[in-house]
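Colleague: Following this message is one structure expressed as structure tokens.
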Amino acid sequence: MIKHFLSLSSFSQSELLSLIHRAQFFFQNQHRPEVIHHLLQNRIFANVFYEPSTRTRCSFEIAAKRLGADIVNFVPEHSSVKKGETVYDTLKSLESLGVDGLIFRHADDHIIEQMKPFLKLPLINAGAGKYEHPSQGLLDLLTLFQEFEILAGLKIAVCGDIKHSRVAGSLMVAAKIFGMQIYLCGPDSLIPEVNEPNVQKSDFDQILPEVDAVMMLRIQLERHENLDLDPKAYHHQYGMNHRRQLSMKKNAIILHPGPFNRGVEISDDMVEHSQSRIFKQMNNGVAARMAILEWTMKGRT
Amino acid sequence: MIKHFLSLSSFSQSELLSLIHRAQFFFQNQHRPEVIHHLLQNRIFANVFYEPSTRTRCSFEIAAKRLGADIVNFVPEHSSVKKGETVYDTLKSLESLGVDGLIFRHADDHIIEQMKPFLKLPLINAGAGKYEHPSQGLLDLLTLFQEFEILAGLKIAVCGDIKHSRVAGSLMVAAKIFGMQIYLCGPDSLIPEVNEPNVQKSDFDQILPEVDAVMMLRIQLERHENLDLDPKAYHHQYGMNHRRQLSMKKNAIILHPGPFNRGVEISDDMVEHSQSRIFKQMNNGVAARMAILEWTMKGRT
Amino acid sequence: MIKHFLSLSSFSQSELLSLIHRAQFFFQNQHRPEVIHHLLQNRIFANVFYEPSTRTRCSFEIAAKRLGADIVNFVPEHSSVKKGETVYDTLKSLESLGVDGLIFRHADDHIIEQMKPFLKLPLINAGAGKYEHPSQGLLDLLTLFQEFEILAGLKIAVCGDIKHSRVAGSLMVAAKIFGMQIYLCGPDSLIPEVNEPNVQKSDFDQILPEVDAVMMLRIQLERHENLDLDPKAYHHQYGMNHRRQLSMKKNAIILHPGPFNRGVEISDDMVEHSQSRIFKQMNNGVAARMAILEWTMKGRT
């Protein structure tokens, strides 16, 4: 059976916990090649990013290399895409070239589900459409696990452009599996209708004192261009800043998947505040992706 | 002596056969690192692609990595080319940087011959101009060898934009060396004059029942913009489809170098038809390029 | 302490000499993996180039790979920069991803100094702003060392667009440290005011017979667009050509950091003349960068 990594929803709580524990192991041993460098030796993954990305692409690349694997970067702009090749044909071509797994990002919401039945090698969702970004979901779980150990019952506020955020999508999937409470905050037009008992709309300032973590989201201007947004006004109403941080519990943490807009959804002084885990999340991302890459190769010859 | 890999025409039949056999060995062992990973260890090749390419660039990169070598990707757009550097100076610079071989693609028909005398490291033709694409030629020979074992006497139809196809160019060179019969089909304006006893113009539908293989070619719109082409009409007259496949011998195979235009030169249902070897060709491409890279390094310190 | 490699000015003469000797060792052993390939095994550097570059980027990449390290290429155009991310946040993100060092190029004159205090990993200046390009400076010193052994007292003419040349900047820093005499030549508007006892403006043709080396610089048209420059007239007044080469000492050498404009600052026949070390410099660049990368990792766990 091919071990695609497409959505956190396909994992049970105990399967996710063992991925988190493995990611924590990699976090602790990321600079100990003697422990980890042999694990995926001679594997070759392809990064297939139809949308730009620094963090995620490099994060997977470093994860692969730390485990002794290699990466081929497929950059659509320089390629047959210019000649009109379909995504299906590109992925089948890369499969035919004999790579061991495809790390795939695309703007289309449904393309992953369309491609999956046809592929004979693991497809790893590195952000497809606006619904899920499961490797980010795993790194967020790892970050919460390092902080609180027990995930069940955690209260998390998510604030910003939730409708267009695949990060929020994966967090909500994880919250359901682990029994975490999610509070959706931000402009009404950016909050989706979610019918889950553990998810509810909330007033940002009212809920902040009660949560264990707050995940700030970037206003993804490139995804909805008609938004009439004044950055200053937005920051005043929904931005993380000193005033709001003071209202949070002392052990509550600030998350952001990055890249962030300083002065819009988060003030300068909050990015590296002692309660912020933003750069820690990026470090955790490499560990989480090491766990994911290793998992996809299990039982594969 | 520097072992450039520039054209199939510089090889004898027995030299080509030993490259095919070696490629077949790599095909069979592509996922057995213990057998092949040490063969080019510590070699560094440069991919120097002045024209976009997915398959060929990645194919060489994976071939190199499977053999334990590494690749530096030189992307002209991000480079000194913007500052007006000539191809000669770029190649000499890469030579000076100490790479072991240059994998080179360029639109100019004559540039390979112009550069060759000046280089002290192997130059590998990954598609230069419109005449030859010898690594594709070798993978096509490998595919025919796997199917028929004996190449002499094979009958192959080539259909489409032959005039602008370096793939067809290399196939005709190989056909002469091995004594294969080539039938050129497609719109008159896209068929070159070839004066070789083993090459002749033919009517596509008339010759199809007699051939062992048919190589479909993409209409390379980017190479001749004045063509007034209706895709539907083209497909009707020259496209591979179910009706035409039925007229072929049961053991005849369909080839295409990719990327292909579905519905133009080939119908959807033919791409992965049981008589198609299109994705097999891509897999063979890695094996063929492993044989080529290894060959260029023989006797080199 | 973090070992940033930012400017030659932060090194003493004896420290620079030991870097030069180490680079010479790498020059002599560049193709002996058994001697050098283990030295930076399992290190991962990031190439972070905000300006295009063939030579420097590939040179660092090959240097890293020869030492057994790996490279992640961060290409700003395909990345979060499009989403408005600051340089600081990009560098901190790459730091968080756990890379071992950042090889950094940027057009801004002051950005290196601004970033340095905040980074917990070595920053390697691969050309920042218009003042310094210290890895080029080291390779120039290596080239002079191979030729003359003793650097003190050498006389070097620099000709061309000195004002916008970070290469000239680093050479002047090195000249001060080693007691070399520098003669600045070229159009008045392209020569900066330098108040150093060992640097003086000179007439190009008058000084040529006296110098040990002449460094020709490219007119960097992309950096000052208002220049009304006639290439032919420029070549006549300031270009290196056969007539000028004849006036030089027999053991004097011609340098150029590349990429060069043939027929402008240097004639065709001078590029590979027996007194030219231009392509040798590129080869030395890999050795110099191996010494630099190794140096930055010393004492680092």
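The values are calculated or read from the model by the stated rules, or taken from the named source; none is laboratory data. The structure presented is a predicted model; accordingly, all values stated were derived computationally and were not measured. Please note: Cβ atoms are built from the backbone with ideal geometry, for glycine as well, and neighbour counts cover all protein chains shown.
Colleague: Considering every residue within the stretch B:98-106, establish whether at least one is within 13 Å of chain C (Cβ to nearest Cβ), under 18 Å from the mean Cα position of the chain (by Cα), aliphatic (A, V, I, L, M) and part of a strand (DSSP E or B).
Modeller: Yes, some residue in the stretch B:98-106 is within 13 Å of chain C (Cβ to nearest Cβ), under 18 Å from the mean Cα position of the chain (by Cα), aliphatic (A, V, I, L, M) and part of a strand (DSSP E or B).
Colleague: So, one more: When B:P231 is evaluated against the numbered criteria (1) touching a helix residue (DSSP H, G or I) at 6+ places or on another chain (Cβ under 9 Å); (2) within 14 Å of chain A (Cβ to nearest Cβ), which criterion, by number, is the only one it fails?
Modeller: Evaluating B:P231 over (1) touching a helix residue (DSSP H, G or I) at 6+ places or on another chain (Cβ under 9 Å); (2) within 14 Å of chain A (Cβ to nearest Cβ) leaves (1) as the failure.
Conditions (1) among the aromatic types (F, W, Y); (2) on the phi < 0 side of the Ramachandran plot, marked per residue:
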{"site": "A:E149", "(1), (2)": "no, no"}
{"site": "A:R166", "(1), (2)": "no, yes"}
{"site": "A:K176", "(1), (2)": "no, yes"}
{"site": "A:G179", "(1), (2)": "no, no"}
{"site": "A:R218", "(1), (2)": "no, yes"}
{"site": "A:Y238", "(1), (2)": "yes, yes"}
{"site": "A:Q245", "(1), (2)": "no, yes"}
{"site": "A:I254", "(1), (2)": "no, yes"}
{"site": "A:G258", "(1), (2)": "no, no"}
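Colleague: Does C:S96 satisfy being farther than 24 Å from B:V72 by Cα and free of Cβ contacts under 8 Å to residues at least 24 places away in the same chain? Spell out how you get there, then give the answer.
Modeller: Numbers: farther than 24 Å from B:V72 by Cα: yes; free of Cβ contacts under 8 Å to residues at least 24 places away in the same chain: yes.
Taking the combined requirement at face value, the residue satisfies it.
Colleague: Report yes if some residue within the stretch A:243-260 is assigned to a loop (DSSP other than H, G, I, E, B) and over 21 Å from A:K280 (Cα atoms); otherwise report no.
Modeller: Keep residues of the stretch A:243-260 that are assigned to a loop (DSSP other than H, G, I, E, B), which gives A:248-252, A:256-260.
Restricting the remaining residues to those that are over 21 Å from A:K280 (Cα atoms) gives none.
Within the stretch A:243-260, not a single residue is assigned to a loop (DSSP other than H, G, I, E, B) and over 21 Å from A:K280 (Cα atoms).
Colleague: Can you pull out the residues in the stretch A:262-301 that are more than 19 Å from A:F145 (Cα to Cα) and out of contact with any Phe, Trp or Tyr (no Cβ under 9 Å at 6 or more places or on another chain)? Give the steps one after another, and end with the answer.
Modeller: Restricting attention to the stretch A:262-301, the residues satisfying the condition of being more than 19 Å from A:F145 (Cα to Cα) are A:262-273, A:293-301.
Listed by number, the residues that qualify are A:R262, A:G263, A:S267, A:D268, A:D269, A:M270, A:H273, A:M297, A:K298, A:G299, A:R300, A:T301.
Colleague: Tell me which residues, restricted to the stretch C:18-52, are part of a loop (DSSP other than H, G, I, E, B) and either surrounded by fewer than 21 Cβ atoms within 10 Å (Cβ to Cβ) or more than 23 Å from the chain's Cα centre (by Cα) (or both).
Modeller: So in the stretch C:18-52, the residues part of a loop (DSSP other than H, G, I, E, B) come out as C:30-32, C:37-43, C:50-52.
Matches in the stretch C:18-52: C:Q30, C:H31, C:R32, C:H37, C:H38, C:L39, C:Q41, C:N42, C:R43, C:Y50, C:E51, C:P52.
Colleague: What number of residues in the stretch C:126-164 are under 30 Å from C:L102 (Cα atoms) and among the basic types (K, R)?
Modeller: Adding up the residues that qualify gives 2.
Colleague: Which of the following residues is within 14 Å of chain B (Cβ to nearest Cβ), more than 30 Å from C:A152 (Cα to Cα) and either of a type in the set (G, A, S) or touching a residue at least 60 places away in the same chain (Cβ under 8 Å) (or both): C:F45, C:F60, C:F26?
Modeller: Working: C:F60 fails: more than 30 Å from C:A152 (Cα to Cα); C:F26 fails: more than 30 Å from C:A152 (Cα to Cα).
Only one candidate qualifies: C:F45.
Colleague: Let me ask something else. Within the stretch C:5-13, is there a residue that is in contact with a Gly (Cβ under 7 Å, 6 or more places away or on another chain) and part of a helix (DSSP H, G or I)? Don't jump to the end; show me each part of the working.
Modeller: To start, the set of residues in the stretch C:5-13 that are in contact with a Gly (Cβ under 7 Å, 6 or more places away or on another chain) comprises C:8.
Add one more test, that the residue is part of a helix (DSSP H, G or I), and what stays is C:8.
Yes, because at least one residue in the stretch C:5-13 is in contact with a Gly (Cβ under 7 Å, 6 or more places away or on another chain) and part of a helix (DSSP H, G or I).
Colleague: Conditions: (1) more than 14 Å from chain C (Cβ to nearest Cβ); (2) more than 23 Å from B:P33 (Cβ to Cβ); (3) of a type outside the set (S, T, N, Q). A:I2 meets all but one. Number of the miss?
Modeller: Every condition holds for A:I2 apart from (2).
Colleague: Quick one: B:G285 ticks every box in (1) surrounded by 21 or more Cβ atoms within 10 Å (Cβ to Cβ); (2) part of a helix (DSSP H, G or I); (3) more than 8 Å from chain A (Cβ to nearest Cβ) bar one, so which box is it?
Modeller: Unmet condition: (3).
Colleague: Another question about this same structure. Based on what the data block shows, is A:D89 modelled with pLDDT of 95 or more and within 14 Å of chain B (Cβ to nearest Cβ)?
Modeller: Working: modelled with pLDDT of 95 or more: no; within 14 Å of chain B (Cβ to nearest Cβ): yes.
Considered against the rule, which asks whether it is modelled with pLDDT of 95 or more and within 14 Å of chain B (Cβ to nearest Cβ), A:D89 comes out as no.
Colleague: A follow-up question, please. Which number in (1) in contact (Cβ under 8 Å) with a residue 40 or more places away in the chain; (2) in a loop (DSSP other than H, G, I, E, B); (3) closer than 29 Å to A:V264 by Cα marks the one condition that C:E85 misses?
Modeller: Status for C:E85: all satisfied but (1).
Colleague: Tally up the residues in the stretch C:70-86 that are touching a strand residue (DSSP E or B) at 6+ places or on another chain (Cβ under 6 Å) and either at the interface with another protein chain (Cβ under 7 Å from one of its Cβ atoms) or at pLDDT 95 or above (or both), please.
Modeller: Going residue by residue through the stretch C:70-86, those that are touching a strand residue (DSSP E or B) at 6+ places or on another chain (Cβ under 6 Å) are C:70-74.
Next, only the ones that are either at the interface with another protein chain (Cβ under 7 Å from one of its Cβ atoms) or at pLDDT 95 or above (or both) stay: C:70-72, C:74.
Going through the stretch C:70-86 one residue at a time, the tally reaches 4.
Colleague: Can I ask one more? Among the residues that make up the stretch B:71-93, is at least one of them closer than 16 Å to B:A291 by Cβ and not hydroxyl-bearing (S, T, Y)? Walk me through it before giving the result.
Modeller: If we filter the stretch B:71-93 for residues that are closer than 16 Å to B:A291 by Cβ, which is where we start, we get none.
No, because not a single residue in the stretch B:71-93 is closer than 16 Å to B:A291 by Cβ and not hydroxyl-bearing (S, T, Y).
Colleague: So, B:L67, is that one within 24 Å of B:K280 (Cα to Cα), hydrophobic (A, V, I, L, M, F, W, C) and away from chain A (no Cβ under 14 Å) or not?
Modeller: Working: within 24 Å of B:K280 (Cα to Cα): yes; hydrophobic (A, V, I, L, M, F, W, C): yes; away from chain A (no Cβ under 14 Å): no.
Taking the combined requirement at face value, the residue does not satisfy it.
Colleague: Out of A:I111, A:I156, report the one residue that is β-branched (V, I, T), touching a residue at least 12 places away in the same chain (Cβ under 8 Å) and not assigned by TED's automatic domain parsing to the domain that holds A:Q28. Give the derivation first.
Modeller: On the way: A:I111 fails: not assigned by TED's automatic domain parsing to the domain that holds A:Q28.
Every option except A:I156 fails the conditions.
Colleague: Which ones in the stretch C:243-266 are within 14 Å of chain B (Cβ to nearest Cβ), modelled with pLDDT of 95 or more and more than 21 Å from the chain's Cα centre (by Cα)?
Modeller: Answer for the stretch C:243-266, where residues must be within 14 Å of chain B (Cβ to nearest Cβ), modelled with pLDDT of 95 or more and more than 21 Å from the chain's Cα centre (by Cα): there is none.
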